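K.L.:
Okay, handing you the structure first.
The values are calculated or read from the model by the stated rules, or taken from the named source; none is laboratory data. Just so you know, these numbers come straight off a predicted model, no measurement behind them. Please note: Cβ atoms are built from the backbone with ideal geometry, for glycine as well, and neighbour counts cover all protein chains shown.
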Amino acid sequence: MDLQLVTDAIQGDRRSIARVLSSLENRTLNLSDIKDEFPSIFTDSVQDTWSSLAITGAPGVGKSCLIDKILIDWSSKGIKTALLAIDPSSPRTGGALLGDRVRITAIDNEQYKDLIYIRSIATRKSSGSAPLIVSDMVEFLSAIGWERVIIETVGSGQSEVRCAAITDRIVVVEGPARGDGVQAEKAGLLELADAVIVNKSDISGASQHAGEIKESFELGLGQTPPIILTSALLGEGIEEASSVLLELEDTGRSKKAKWRERLLAHHERKILESDKLDEILHNLAIGSTSVESALKQLGED
Ligand SMILES: Nc1nc2c(ncn2[C@@H]2O[C@H](COP(=O)(O)OP(=O)(O)O)[C@@H](O)[C@H]2O)c(=O)[nH]1
Ligand SMILES: [Mg+2]
């Protein structure tokens with residue numbers, strides 16, 4: 001491990017932070033090794049609030065625009081916030097990142113730029129378990145002084161849901177109603193939500209959709225979390241959204257669902273990062289072992 005690099009990152013050098021995050025991403029550096037060398041930065045201080053928040057929802061609902069407004073609000077309050085934008089599809093230099101650069105204007109503000117760190121992650125590139133790579137990055141950023149870490153992720157696909165579940169809180173962003181109500185697939189994500197934001201309130205159907213979501217919580221998803229209407233475009237509801245999110249409580253309701261996802265993420269990492277994986281896959285392929293015994297062998301680490 002490049003001790004100087006990690007030291008520089010801890011001291012706040014942006015390029016070193018980026019390089020450490022890249023090393024965590026491509027698994028040339030393990031968070032556990034950083035912990036061994038620099039145990040003092042990983043104090044488990046008793047927190048009375050969250051340190052990581054996932055903002056998740058379908059592409060185009062306005063997550064990046066909302067996050068931009070929230071970053072501006074939080075940095076005006078002096079809160080240091082890092083954003084990890086997870087883009088499952090595009091390579092690092094692809095269009096999505098450039099698009100997000102346009103949407104995230106907060107970073108261009110001289111007054112706030114020291115309080116904001118933005119990085120996008122193309123999870124498809126990573127060989128390991130995406131949720132836990134993101135989890136390592138979040139833990140590192142928190143340890144080096146980023147008070148709040150936001151993860152922007154598309155809320156579909158198991159890996160993306162799991163990336164959200166590694167955070168302390170989850171916010172689901174929705175758009176106006178499209179006439180299909182709240183479907184089962186969406187209900188699975190809403191089950192994890194500590195708050196729901198219905199964005200694009202400047203377009204008709206937003207408050208109707210907020211009502212549908214509220215109803216679906218009342219009809220079975222359990223305790224209703226805060227449901228906030230916003231327009232990132234017009235700046236409406238942003239103040240409420242940023243202050244609700246800042247103080248967001250852990251909905252007891254979502255605890256078990258989150259732990260289920262985290263457990264699966266750890267299980268996946270255990271399999272994907274096992275030294276024996278290659279050999280076991282070979283044995284499975286030639287039919288010399290069974291899935292049952294493969295799992296048993298993988299569980300022995
Ligand atoms: N009408 C309207 N459009 C919005 C609003 N928020 C974002 N948009 C637009 O929706 C599109 C997608 O926004 P973006 O933040 O990139 O969505 P993301 O994919 O969820 O991150 C962009 O063209 C935005 O200008 C809003 O509150 N109202
Ligand atoms: Mg986005």
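K.L.:
Could you list, in sequence order, the residues of the stretch 208-252 that are in contact (Cβ under 8 Å) with a residue 60 or more places away in the chain and under 25 Å from Pro131 (Cβ atoms)?
P.N.:
The answer is Leu245, Leu246, Leu248, Asp250.
K.L.:
Here's something else I'd like to know. Tally up the residues in the stretch 169-228 that are among the β-branched types (Val, Ile, Thr) and touching a Ser or Thr at 6+ places or on another chain (Cβ under 8 Å), please.
P.N.:
7
K.L.:
Let me spell it out: the conditions are (1) within 16 Å of ligand 1 (Cβ to nearest atom); (2) under 19 Å from the mean Cα position of the chain (by Cα); (3) part of a helix (DSSP H, G or I), and Ala193 meets all of them except one. Which number is the exception?
P.N.:
Against the list (1) within 16 Å of ligand 1 (Cβ to nearest atom); (2) under 19 Å from the mean Cα position of the chain (by Cα); (3) part of a helix (DSSP H, G or I), Ala193 comes up short only on (3).
K.L.:
All but one of (1) crowded, with 17+ Cβ neighbours inside 10 Å; (2) part of a helix (DSSP H, G or I) hold for Lys270; which doesn't?
P.N.:
Just one mismatch for Lys270, condition (1).
K.L.:
Kindly provide the set of residues from the stretch 42-80 that are more than 16 Å from ligand 2 (Cβ to nearest atom), over 21 Å from Glu236 (Cβ atoms) and of a type outside the set (Asp, Glu), ordered by number.
P.N.:
Phe42, Thr43, Ser45, Val46, Gln47, Thr49, Trp50, Ser51, Ser52, Gly78, Ile79, Lys80
K.L.:
Being at pLDDT below 85, within 16 Å of ligand 1 (Cβ to nearest atom), surrounded by fewer than 24 Cβ atoms within 10 Å (Cβ to Cβ) and not assigned by TED's automatic domain parsing to the domain that holds Ser23 is true for just one of Ala206, Ala187, Ala122. Which residue is that?
P.N.:
Testing whether each residue is at pLDDT below 85, within 16 Å of ligand 1 (Cβ to nearest atom), surrounded by fewer than 24 Cβ atoms within 10 Å (Cβ to Cβ) and not assigned by TED's automatic domain parsing to the domain that holds Ser23 leaves just Ala122.
K.L.:
Can Ile79 be described as aliphatic (A, V, I, L, M), assigned to a loop (DSSP other than H, G, I, E, B) and modelled with pLDDT of 90 or more?
P.N.:
When the stated conditions are applied, Ile79 passes them.
K.L.:
With respect to Thr167, is the statement that it is within 16 Å of ligand 2 (Cβ to nearest atom), of a type in the set (Ser, Thr, Tyr) and within 15 Å of the chain's Cα centre (by Cα) true?
P.N.:
When the stated conditions are applied, Thr167 does not pass them.
Residues are listed down the side, and each one gets a yes or a no for (1) out of contact with any helix residue (DSSP H, G or I) (no Cβ under 6 Å at 6 or more places or on another chain); (2) on the phi < 0 side of the Ramachandran plot; (3) part of a helix (DSSP H, G or I):
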| position | (1), (2), (3) |
| --- | --- |
| Ala18 | yes, yes, yes |
| Thr28 | yes, yes, no |
| Asp36 | yes, yes, yes |
| Gly60 | yes, no, no |
| Leu66 | yes, yes, yes |
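K.L.:
For the stretch 285-300, name all the residues that are closer than 19 Å to Glu273 by Cα and part of a loop (DSSP other than H, G, I, E, B).
P.N.:
Of everything in the stretch 285-300, those that are closer than 19 Å to Glu273 by Cα and part of a loop (DSSP other than H, G, I, E, B) turn out to be Gly299, Glu300.
K.L.:
Under the condition of being surrounded by fewer than 24 Cβ atoms within 10 Å (Cβ to Cβ) and in contact with a His (Cβ under 9 Å, 6 or more places away or on another chain), which residue from the stretch 133-177 is modelled with the lowest pLDDT?
P.N.:
Filtering the stretch 133-177 for residues that are surrounded by fewer than 24 Cβ atoms within 10 Å (Cβ to Cβ) and in contact with a His (Cβ under 9 Å, 6 or more places away or on another chain), the one modelled with the lowest pLDDT comes out as Ala177.
K.L.:
Restricting attention to the stretch 225-255, report how many residues are assigned to a loop (DSSP other than H, G, I, E, B) and either at pLDDT 90 or above or of a type in the set (Phe, Trp, Tyr) (or both).
P.N.:
10
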